Every structure is written in C-alpha cells, then in structure tokens.
1. Among Lys75/Lys221; Lys55/Lys236; Lys169/Lys221, which pairs are too far apart, with a Cα-Cα distance over 32 Å?
2. Would you work out the relative contact order for region 54-149, in percent, from Cα pairs under 8 angstrom that are 6 or more residues apart?
3. Could you provide, to the nearest whole Å², the per residue accessible area of region 100-198 with probe 1.4 Å?
Amino acid sequence: MAENKEESVGESVMEKIMEKFHDDDSSSSDSDNEKSKPSSSPVKSQIYRLFGREKPVHTVLGGGTPADVFLWRNKKISAGVLGGATAIWVLFELMEYHLLALVCHCLILSLAILFLWSNASTFIHKSPPRIPEVSIPEDVAVNVALSLRYEINRGFTVLRDIASGRDLKKFLVVIAGLWVLSIVGSCCNFLALFYIAFVTLHTVPVLYEKYEDKVDPFAEKVMTEVKKHYATFHAKCLSKIPRGPLKEKKHQ
C-alpha cells in the first residue's frame, strides 16, 4: 500500500511538471507569434494628417488655457470669451461706437465711482477702496519686446528670400494669400475681419478635432489633385520662367 501511494504521488508530480512545460511552450509560441505579427504603428504613422501634423490638435494650438478655450474644453469660459468678442463687435460695428470714446467713458465712470467712494467713506464709516498698484514687470516687457523683434526679423527674412526669386512656389503662395486678403479687406473693415478670424478659431478647430477621421482622407484627395495640377502647370509654364541668380556658396 505504501508503495502504491508513493507511485501515485510521483505520477502526480510528473504530471504537474509536464503541464508546466506545456504552459511554458504555449506562452513562448504565443510571444513568437506576437513578435512575428507586423506592428500597426507604421500603418498608423502613414495616415495622412492635415498640414502634415504629427501631434494632437490641442498640442498644435499651443496647449494650456488658450487651446482649452479654442477646443471648448471648458464650455463656460469659451462661451464667455466668444460672447465678449461678439459684444465688442456689436458695440463697435453695429452701434458704430468708437474705441477712444469707450475708453474715455469707462475711465470717467471708474474714476468718479472711486473718487466718491473714497470721500464718502469717512461719512458712512466704512473703509476706503483698496486700489491695487499696477506695474508692468521689466522681465515681462523685455521678453515681449525680444519675441516681437524675433518675429519681425524672421518676417523680413522670409520676404527677402521670396523677393530674391529663388523659391517660385513660395512666391506664388504669398502673392495668392495677399491677393485674397486684399479682397477680404475691401469687403469688410479690420474689426469685422478680426471678429471673423476669432469666430473661426472658436469653431473650426473643435469641429476638425471631432471629425478629423473624415476630414483628413478628403484633404488627402484634395492635396493630391492640387499637386497634380501644380506639377502640370509647373511643367508647362513655370519651368520656362527664368530664375534669379543663385546665391554663391561661402568658401570656408
């Protein structure tokens, strides 16, 4: 009886060992199959995105609070900003109110209220209003000035490169953009144009983020057609236009 028990125990131990080996083999084969399967990341990386972007729309817009406002992540703040811009447009465009008059009237009203409150505080036995000291920090002003200087210099550099005649495609794009902007400017004033751009920033990015899977394939087809027509136009017309002199390479 003792020998039979020992044999049964030995057989059970051997069965457990064999099962463990079978489990290891199956797990290794599964891992080999997973490795042999082609990864889906290259396929995803080949998906066309509008303007060649590789980051989410929130990151493209700069991230942080401005991107949250444009993408309506906080609907109360976004609605408030858009409502304020609409009120300014109605005030200046429809009611034909002037900016200088508005600033002067607001300052008159604010100074009158604070002056009366400060003088009446002794009679009504209340503390006078605490008027904060407002001052622009030097580092903020310097950083803004440096950023503005950098952007202006970069704009001058781009204009110089375009005027030199080396990049015909960029030249045509800038000329077409300025022509469209001149047409839009002749139809409406600067305030209306600014309001249209502001409303566009509050509507187009959030709609694109919501329907980007449908917009990107359509944009890919459009860009393919545009490149095809541009190649034909370049072969027939642009290639025959004489180019400006190329810039000489600097000898080291």
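1. Numbers: Lys75/Lys221 34 Å; Lys55/Lys236 37 Å; Lys169/Lys221 20 Å.
Violating the 32 Å limit, Cα to Cα: Lys75/Lys221; Lys55/Lys236.
2. Averaging sequence separation for qualifying contacts and normalising by length gives 9 percent for region 54-149.
3. Values: 8490 Å² over 99 residues.
That works out to 86 Å² for each residue.
The values are calculated or read from the model by the stated rules, or taken from the named source; none is laboratory data. If you're wondering where the values come from, they're calculated on a predicted model, not measured in any experiment. Side chains are part of the model used for accessible areas, which takes the heavy atoms of the whole protein and leaves out ligands, DNA and RNA. Shrake-Rupley method; radii C 1.70, N 1.55, O 1.52, S 1.80 Å.
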